[in-house]
Every structure is written in C-alpha cells, then in structure tokens.
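A quick write-up on the structure given underneath.
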Amino acid sequence: MTNPSFPRFTVVGHPNKGKSSIVSTLTQTDQIDISQQSGTTENATEYEIAMPGSKVVLVDTPGFQRPSSALDWLKSHVKDASQRKSAVEQFVASTECATRFPDEVKLLRPIMSGSAIIYVVDGSRPYGPEYEFEMEILRWSGQPRMAIINPIENSDYVEQWQDALHQYFNSVKVFNPITAEFEKQQELFRSFAHLNEKWQAQLNRFCDDLGALRQKQFEQSVMILEQLLKDVCRYSVSQKVLSKSQAQLLSDPLKRQYEHWVQQREQQAFGELLQVFKHQTTSLESEELMFPPDLFDTEQWYLWGLNKRQLIVAASLTGAMGGASLDIFTGGSTLLVGTLGGGTVGAASAVLFPKKIAKIKVKGVSSGGWTAAYGPIQNQNFPYVIMGRFIYFYRQVCNLSHANRKTLNVSSQDLQASLGSMAKDQKKALNVALHGLIRQRQPKNLRALLAEVIQLLPEAISEQAKT
Ligand SMILES: Nc1nc2c(ncn2[C@@H]2O[C@H](COP(=O)(O)OP(=O)(O)O)[C@@H](O)[C@H]2O)c(=O)[nH]1
Ligand SMILES: [Mg+2]
C-alpha cells in the first residue's frame, strides 16, 4: 500500500465519463485502458506519478453501478449524521456489500483509507437526480472532494452541472482530458493543492517538478533534432568495385540505399521523440505513420522547407552563393533581394537546387579498383525540410494527451510563413548553421538556434494537429 502521506486522489463517477482518460492524461501514461465499453475498468488501480522530489498517486476506479441501493444500505445503518462516516467504513469492510455492491466497495475503499475524491461528470449530458445518490455517498465519506466536469462532446450543460456540483464539492473544475495541454494539466494539479492543507506544500513542489520535466523534455527534443540534422547532412554511402563502368552502374542502387537510410533515420528520431514524451503505444510501424510527401520529391520540399525566394534571400544573407553569383542575381545589392523577378529566381535556383539531392561520385582508388559514392547532401533546402517535418511532429507529440489514442501523422505543412517571421539576424544565423552542416562543418550554435525555431512556430500547427 502506498504511504498515505503522499497526496492521493481517487477518481470516481458514473461509467464512461472519462475517469480512466483523466488518470491517463495526468499520469502521462498511455498504458491505461480506455474504452467506450462500459465496465472497462474493473478494479481500483493505483498509478504513481513519481518526480525527483515529490510524488502523487491517482487511483482509477470502476464506475458506480448501484448507488441508489448502496445509499439505502448506508441509510439503514445510521441513526444520525454523526455516524455517516463510520457507516461508509462499515460498508467497505462488509462481506455482504462486497457481494452486493462490488464496484461501490472497490471505489470507496481507497477513499476510506485516506485519499481525496475527484468526481467526474460529462458536461455534454444534462444533470439528473440519479447522480445525487453517488454524490451523497461521497459526501458521507467525509473526505476532501472536488468535481471535474469533462465536456466530452460539448459544453452545453456545464453551467447546470456547476450549480448542482457546488452543493456537494469544495471545488468544481472544467477539464477535458483529451484536449488538455500541459499548462491545463499543471493548473489542475495546482487546484488539487487546495483540497487538503497537509498536501499543499507537496503538491506545489510536484507542480514545479512537472514544469522542470517539461523543460527537460523540450531540451531533449532539441537534441534529437540536432543529432538528426547532423547525421543526415553528413551521411553518404559508398561501394568498392573493380572497374569504372561497374562503379557507374551503382548510381541507382546507392541512391536508393541512401534515401532509405535517411528515411529510417528520420523515423528513428520520431521514435525517440515519442519516448521522451512517454507515448509508448503510438507505434512507428503503423501504416498511418508513413510520411507523405515522399521525402525525396523535390517539388514537395518547398512545402516543408523554404520556398525558392526565401532560400535565395537566406543564401544572400550568408553569402552561400558566393559573392559573384549573388551580384548577378541582385544587381549587386542585397536590398534588391526582396524584389527578385521570376527570371532571377529561376537562375538562382539552378545554383541552390542541384537537380539531384546528392551526387554520385566515381573515383579510382590508388591501391586499385574504383569506388562509387552517393552523398552527402548538396541541396540547400534539405536541412530545412528535415527540420520542418520534425517540428511538425514535435508539436503534435508534445501536445498529445496520453488519453488521446489517435494515430499521429505528418502531413504537408507550410512552414514558410513561420520561418519567414523570424528576425533577419536569426534567419541568417540559422542559414549559416544549416549551410555549415552541408559543408560538413559542426556549427556550435546549432542547438540554441533550433531551440529558438521550435519555440517560434505558431500555435496554428498544434491547432491543426489536434483535429
Ligand atoms: N471526445 C472525447 N471523448 C472522451 C473524453 N473523455 C472520455 N472520452 C471517451 O469516452 C469513453 C470512456 O472513457 P473512459 O476514460 O474509459 O471512461 P471511464 O469509464 O469513466 O473510465 C472513451 O471512448 C473515451 O475515449 C473527452 O473529453 N472527449
Ligand atoms: Mg475507466
């Protein structure tokens, strides 16, 4: 049994009101069964949320099944209000009740051993007197209690519920476990702190720990992206053969091998990200986690990375095209870059976007024989594409509640607008760093820049990802 001095909350209510969903979201685990099937949760189960300096326990329970008869039993065992709490204790200990009211006994047991109560209702369904039996039983327990209104389909009856619930509960909150983002979850824990004074300090500490964990998850995500970019920008594949003509034949197979590796490497990064956020059941192997558009369809790349004009502007800021060619495109003035004509864009893109992502290189080896090599990458947009796709996925993962069991996808997302909104200095620094990767350098400020870019992207992406 968990030490009762830790804050403990038992989540109770009618079946199918989202109790398990709330526990899943708050404990940040997707290992809890959630289903439309009534009776999915059969036993009271404890879930610990252990932080470096604090711990909270949530108890998921089966729903009330026979609250009206259970209340009758309780009423028949008291003479006056002073005996109510001990009647509930008797109820929990009684073998007769364990047979007649197994669900009620299971859900009341952790409450009577010292846990606070979280009562869950559905704000999209009307209030009705049938809920009063269970609320009355909970009141009899004498334990600190709050109610959560879960607006499952809509908020139509939230106000009506609030009026009723306030008569039975110290505190009433609206909370949707499927859509609640991190801040909402943290806020809910903060409101738990007011339920029981002796837990207040621990719960505040716990909320601070949650914030620290979140920050750590962010930093780990940035590191995963940084490593991904470094790896894909430096990757190349080669093979030794005997003759030049054999080497030339290797162009296609090497290219395929190269592309496959990059795709796998990207998937690996997505998998690492899911782990950081403890999404264990979201499988990367699933069909839905394919990543269209094909990474190597250059036309599609512009959707992910920068468009041609943005790349030219970025390149001109960094001198990536070399002084001479830049003069041709801009008439010698970077001020003109913003007003590039179509022809100039075309000419510049020939420099910036070699037809192939990478080139096949065939070389004679001094010790005899030939090598054919494919890679590393040459296309300037490549790191932007990798970055854009990763951030899109990151946004979904970090905002995905653990009760939300939908399959994640990466769909075509226009990142141009958001990258375009970066300050000029930032844009330039980022481009220098990414260009450095292509030139096989190790830019020192890359991680800091990526952290800025990840934070900069608009909420629009997470909004879109929610639906
Ligand atoms: N759309 C939506 N569905 C929800 C929400 N909360 C729960 N559900 C769904 O309602 C069903 C019952 O949820 P569950 O957590 O198992 O309820 P419990 O029986 O009270 O534990 C599941 O299919 C959930 O996916 C919510 O806030 N929004
Ligand atoms: Mg359940």
Original post:
buried (at least 24 other Cβ atoms within 10 Å of the Cβ), closer than 30 Å to K216 by Cα and within 13 Å of ligand 1 (Cβ to nearest atom): does that describe L107?
Top reply: no
**OP:** Please work out if A93 is open to solvent by less than 20 Å² (accessible area, probe 1.4 Å), away from ligand 1 (no atom under 16 Å from the Cβ) and modelled with pLDDT of 95 or more.
**Re:** no
Original post:
Which one of E183, E134, E187 is part of a helix (DSSP H, G or I), in contact with a Leu (Cβ under 9 Å, 6 or more places away or on another chain) and outside the structural domain of Y392 (by TED's automatic domain parsing)?
Top reply: E134
Original post:
Could we say that I152 is in contact with a helix residue (DSSP H, G or I) (Cβ under 7 Å, 6 or more places away or on another chain) and either without any contact (Cβ under 8 Å) to a residue 60 or more places away in the chain or not polar (S, T, N, Q) (or both) here?
Top reply: no
Original post:
From the list Q31, Q65, Q37, which one is open to solvent by 60 Å² or more (accessible area, probe 1.4 Å), within 13 Å of ligand 1 (Cβ to nearest atom) and touching a residue at least 40 places away in the same chain (Cβ under 8 Å)?
Top reply: Q65
Subject >> Residue check for V11: away from ligand 1 (no atom under 11 Å from the Cβ), open to solvent by less than 10 Å² (accessible area, probe 1.4 Å), closer than 30 Å to Q185 by Cβ and in contact with a Lys or Arg (Cβ under 7 Å, 6 or more places away or on another chain) >> reply: no
Subject >> Only listed residue being away from ligand 2 (no atom under 16 Å from the Cβ) and open to solvent by 20 Å² or more (accessible area, probe 1.4 Å), chosen from A212, A193, A147 >> reply: A212
Original post:
Which members of segment 48-62 meet the condition of being within 16 Å of ligand 2 (Cβ to nearest atom) and either of a type in the set (D, E) or surrounded by fewer than 19 Cβ atoms within 10 Å (Cβ to Cβ) (or both)?
Top reply: D60
Original post:
Picking from L450, L419, which residue would you name as being crowded, with 19+ Cβ neighbours inside 10 Å and at pLDDT 90 or above?
Top reply: L450
Original post:
Among the residues of segment 121-132, is any surrounded by fewer than 19 Cβ atoms within 10 Å (Cβ to Cβ), away from ligand 1 (no atom under 16 Å from the Cβ) and farther than 27 Å from W161 by Cα?
Top reply: no
Subject >> Tabulated pairs, segment 72-85, first within 16 Å of L138 (Cβ to Cβ), second in a helix (DSSP H, G or I) and open to solvent by 70 Å² or more (accessible area, probe 1.4 Å), C-beta under 7 angstrom, 6+ apart or interchain >> reply: V78/R84
Original post:
Do we have L434 as modelled with pLDDT of 85 or more, more than 29 Å from E183 (Cβ to Cβ) and crowded, with 20+ Cβ neighbours inside 10 Å here?
Top reply: yes
Original post:
Out of all the residues in segment 154-181, which are open to solvent by 10 Å² or more (accessible area, probe 1.4 Å) and under 20 Å from L26 (Cα atoms)?
Top reply: S171, V172, K173, V174, N176, I178, T179, E181
Original post:
Just checking, which of V23, V57, V78 is in contact with an Asp or Glu (Cβ under 6 Å, 6 or more places away or on another chain) and away from ligand 1 (no atom under 16 Å from the Cβ)?
Top reply: V57
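The values are calculated or read from the model by the stated rules, or taken from the named source; none is laboratory data. This is a predicted model, so every value here is computed, not measured. Cβ sites come from the backbone with ideal geometry, for glycine too, and all protein chains shown count toward neighbours. Only protein heavy atoms, including side chains, enter the accessible area calculation; ligands, DNA and RNA are left aside. Shrake-Rupley method; radii C 1.70, N 1.55, O 1.52, S 1.80 Å.
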